[in-house]
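Read through the structure below, which is laid out as structure tokens, and then see the notes.
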């Protein structure tokens, strides 16, 4: 897991706080597993939604809706990748 990549997202932390947060995240593999399982469920649900074009394009703002869902999926995938990639 790329812990520093996650911790650096918090701009107002002192170096000591960054280290403490990184240590906490590194020491909690069960919590990370729960989060990655949740992200996988969200990605699969979005995949199922995106595979149904009839429902996706059923309203007048369908292009915006599809773009939003694709961006949401990309965000979940990036976070999942950060949490599952080894140092």
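Here residue 71 passes the criteria (1) assigned to a loop (DSSP other than H, G, I, E, B); (2) surrounded by fewer than 11 Cβ atoms within 10 Å (Cβ to Cβ) except the one numbered (1).
What number of residues within region 30-61 satisfy the criterion of being over 24 Å from residue 6 (Cα atoms), in a helix (DSSP H, G or I) and either modelled with pLDDT under 90 or in contact with a strand residue (DSSP E or B) (Cβ under 8 Å, 6 or more places away or on another chain) (or both)?
First, the residues of region 30-61 that are over 24 Å from residue 6 (Cα atoms): 45, 47-61.
Filter once more, so that each one left must be in a helix (DSSP H, G or I): 45, 47-50, 53-56.
From what's left, either modelled with pLDDT under 90 or in contact with a strand residue (DSSP E or B) (Cβ under 8 Å, 6 or more places away or on another chain) (or both): 53-56.
Final tally of qualifying residues: 4.
Apart from one condition, residue 11 fits all of (1) closer than 15 Å to residue 82 by Cα; (2) not in a helix (DSSP H, G or I); the exception is (1).
The values are calculated or read from the model by the stated rules, or taken from the named source; none is laboratory data. Note that the structure is a prediction, hence the values are computed from the model and not measured. Backbone-built Cβ (ideal geometry, glycine too); neighbour counts: all protein chains shown.
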